[in-house]
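The values are calculated or read from the model by the stated rules, or taken from the named source; none is laboratory data. Computed from a prediction, not measured in an experiment: that's the story for all the values here. Note that we place each Cβ from the backbone using ideal geometry, even for glycine, and neighbour counts take in every protein chain shown. What goes into the accessible areas is simple: the full protein's heavy atoms, side chains included, and nothing from ligands, DNA or RNA. Shrake-Rupley method; radii C 1.70, N 1.55, O 1.52, S 1.80 Å.
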Amino acid sequence: MKYRKLGSTGMDISVIGLGTWQFGGEWGKDFTQVEVDAMLDKAGELGINLLDTAECYGDHLSESFIGNYLARRKRADWKVATKFGHHFEGHLQRGQLWSAADVLKQLDDSLRALQSEYVDLYQFHSGTDNEFDNDKLWSMLDRQVQAGKIRHLGVSISASNDGVFQTGSAPDVKAEAIQVVYNRLDRKPEENIFPLCIEHNLGVLARVPLASGYLSGKYKPDAVFQPGDVRANHNADTRNKQLKAVAEIAANEVPRDIPMAQWALAWCLQHPAVTSVIPGCKNVEQVISNAEAADLVGSL
């Protein structure tokens, strides 16, 4: 495994992290604690130390799986990033909770679920610029940093938001990291977000680095996803165009001896702004494959 500093935080994080939205049950599978333990044990064994979750991945369900695991392991071995701003109200349904009081409750609920006295990175979760521009919210969060409940603050930019205002304003609210959708099919952050991150020394977590699994190489155009899988809600025409683009990338860009998923993760890490990628996983084999992408960094 390779490690990089996350912006100005001073934290050394693995270039391959582990995203855990799937543990909340919205990706076509319900997990058990035994399954989660096996994946996290393997991740730790392979040098992965970054876990990214959120309060709304299930009703703190993903956090609870992680918390139950961490309670039986050494907490200091892991960097746990979670998020605030939404409330789980049902499958792919979220309430919006952005007041300082609401977020403080969310933080305390997250810490209980994580069975931890602190969170390493607490991230504003895909809110609007108006929701971001809230002095009372950030003043409250700064007090939680001073109290030791939060080690560092970050901003997770909405997939539908260009993110320029929030990225440029991150230093003003003492946020030190940006999370953004970035992959071979979606290179928009290269235009404005990444230059700002480099300018302000903001760490970058690249989420959806496999484009919701499309860049895994497993799916062909016209692939069908089962009800309960978030990808079943994706626009069919857009999905088919993306999968056709994936086929072209596989034929023209990916070396024959390298699995496409590993290539796609390493591709993201080539950009000098990117600190770590946070792919999800559904089994131990995917954890192993994702971790092996670290060996390709700098060689593509």
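What the table below lists for this structure:
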item	result
Residue check for residue 208: open to solvent by 20 Å² or more (accessible area, probe 1.4 Å), closer than 24 Å to residue 24 by Cα and not aromatic (Phe, Trp, Tyr)	yes
Check on residue 171, open to solvent by less than 60 Å² (accessible area, probe 1.4 Å), within 20 Å of the chain's Cα centre (by Cα) and of a type outside the set (A, V, I, L, M, F, W, C)	no
Total residues in the range 145-162, condition open to solvent by less than 50 Å² (accessible area, probe 1.4 Å) and either among the aromatic types (Phe, Trp, Tyr) or part of a loop (DSSP other than H, G, I, E, B) (or both)	4
Subset of the range 157-193 [in contact with a Ser or Thr (Cβ under 6 Å, 6 or more places away or on another chain) and within 29 Å of residue 241 (Cβ to Cβ)]	158, 178, 179, 193
Single residue of the range 8-45 satisfying the filter (of a type in the set (A, V, I, L, M, F, W, C) and touching an Asp or Glu at 6+ places or on another chain (Cβ under 8 Å)) that is farthest from residue 66 (Cα to Cα)	11
Test set (1) on the phi > 0 side of the Ramachandran plot; (2) part of a helix (DSSP H, G or I) - residue 7 fails condition number	(2)
Residue in the range 10-17 that is more than 22 Å from residue 152 (Cβ to Cβ) and modelled with pLDDT of 95 or more present	no
